[in-house]
Amino acid sequence: ETFERILDGIDAQHPDIACLSEAPDTYALEYVWAKRHASYSVAAAADTSDHSYAYRLALLSRYPVQKRAEWVLSAGHAALFEVRLPTRMLRALVVDLKSSPRSPRSPSIRQAAQLVDARARADAPVDIVLGDFNTPARFLGFDALAAAGGGYRLASLWSGHWRGTWPASIRMPFFDIDHIWVSRAWSIQNSQFFIGYSDHRGQRVDLRLR
């Protein structure tokens, strides 16, 4: 029931592409989402075998989507997804970092920036870097991500509102730990937060290719 309500919150945004940082079992996700949107595509990266750290990342897309690669970060995981838009390929690097305060996260953010730089040099640039970083936006490491691959901008700055995302159970969440970084190849049209029955606030971003 809780997951269905989370999907209700996502559905209310009418997204072309949606990202889940704590997705359910892939088969269950595909089954539930297909009942709502039979034509959508689902791709996931998940490993729950390690009880100390499990990740379940998923992209839901109106357009065909595939997982292309995964990387282990020093304090988490990253997965690259490709979405075949009608006019071009969109690449999304989804990052998930451990929530433990004992795990330094700045090195992992710099590792994500290095992945972005490597893709740019290979002429396959990443359009969006997003996920549950478990790290406020002012932490060290995000400076490297902002400068990587031609430059990225933090989409939440376009919201004009309080940017905290956790815990969503209070009116003004303390910490902005979930982020969407957008390549300068895209114009950020709008950014807004929403409550979707998760312990994190959701974020919607409207983009237009420059």
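The values are calculated or read from the model by the stated rules, or taken from the named source; none is laboratory data. Since this is a predicted model, take the numbers as computed values, not measurements. Heads up, the Cβs are rebuilt from the backbone with ideal geometry, glycines too, and the neighbour counts pull from every protein chain shown. Areas reflect the complete protein model, heavy atoms only, side chains present, ligands, DNA and RNA absent. Shrake-Rupley method; radii C 1.70, N 1.55, O 1.52, S 1.80 Å.
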Condition first: under 16 Å from the mean Cα position of the chain (by Cα) and surrounded by fewer than 22 Cβ atoms within 10 Å (Cβ to Cβ). Now tell me which residues in region 94-110 satisfy that.
98, 99
Residue pairs within 8 Å by beta carbon, gap of at least six or interchain, first lying in region 155-176 and without any contact (Cβ under 8 Å) to a residue 60 or more places away in the chain, second surrounded by 13 or more Cβ atoms within 10 Å (Cβ to Cβ) and among the acidic types (Asp, Glu), listed first then second, are 156/176; 163/176; 164/176; 165/176; 165/178; 166/178
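Can you tell me which residues in region 87-109 are of a type in the set (D, E, K, R) and assigned to a strand (DSSP E or B)?
91, 96
Can you tell me how many residues within region 179-210 are within 13 Å of the chain's Cα centre (by Cα), among the basic types (Lys, Arg) and in a loop (DSSP other than H, G, I, E, B)?
Residues in region 179-210 being within 13 Å of the chain's Cα centre (by Cα), among the basic types (Lys, Arg) and in a loop (DSSP other than H, G, I, E, B): 1 in total.
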Could you please give the count of residues in region 1-34 that are under 15 Å from residue 200 (Cβ atoms), open to solvent by less than 40 Å² (accessible area, probe 1.4 Å) and of a type in the set (D, E, K, R)?
0
Considering only region 110-135, state which residues are in contact with a strand residue (DSSP E or B) (Cβ under 8 Å, 6 or more places away or on another chain) and outside any loop (DSSP other than H, G, I, E, B).
111, 112, 115, 116, 119, 128, 129, 130, 131, 132
Could you list, in sequence order, the residues of region 64-120 that are in contact with a helix residue (DSSP H, G or I) (Cβ under 9 Å, 6 or more places away or on another chain), under 19 Å from residue 51 (Cα atoms) and among the small types (Gly, Ala, Ser)?
74, 75, 76, 78
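I need the full set of residues from region 46-86 which are among the charged types (D, E, K, R) and in a loop (DSSP other than H, G, I, E, B), in order please.
Scanning region 46-86 gives 50, 62.
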Can we say residue 74 is among the polar types (S, T, N, Q), modelled with pLDDT of 90 or more and surrounded by fewer than 20 Cβ atoms within 10 Å (Cβ to Cβ)?
yes
